[in-house]
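The structure under discussion appears below in the form of structure tokens.
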Amino acid sequence: MASAELGAKAIALCPGVAVYWVNRGLCHFRRKDWARVEEDSRRALALDDASVKGHYLLGCALLDKEDCALAVKEFEKVRGDPRLLKRSSSRTRVSEDDSSVSNPSPSFHCFG
């Protein structure tokens, strides 16, 4: 059974659990199904507005729609989250020219 199908079953059993919506949104993210990413991340955020992954996923979906202003607002919420900042400060930084790191964000053109 596919991960998205398992997520749907979890949501059917407990629709009030934000992490289930986020997890299914991540499945859609991997398939680049941006409409479903947006839908699931919005549902997750309605249940838990502090969901870092929910804001990140919503930002990515909005970028795909080229709604850059709203996407930036979502990413700013992620960037300003103290839990995320605390975790990132303890990690080793990766240089921008490291080709082994892939960028999971959708391709888009907001400027230019």
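No value in this document is a laboratory result; all are computed from the given coordinates. Predicted model, so just to flag it, every value in this text is computed and none were measured. Note: ideal-geometry Cβ built from the backbone for every residue, glycine included; neighbour counts use all protein chains shown.
Computed quantities for the displayed model
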{"read-out": "Cross-link partners of Lys65 among lysines (Cα-Cα below 23 Å; sequence separation of 8 or more within a chain)", "value": "Lys32, Lys53, Lys73, Lys77"}
{"read-out": "Peptide ranges 11-18, 22-29, 54-61, 42-49 listed from the most packed, as the mean C-beta count within 10 angstrom indicates", "value": "54-61, 22-29, 42-49, 11-18"}
{"read-out": "Cα-based Rg of the range 3-82 normalised by 2.2 N^0.38 Å, two decimals", "value": "1.02"}
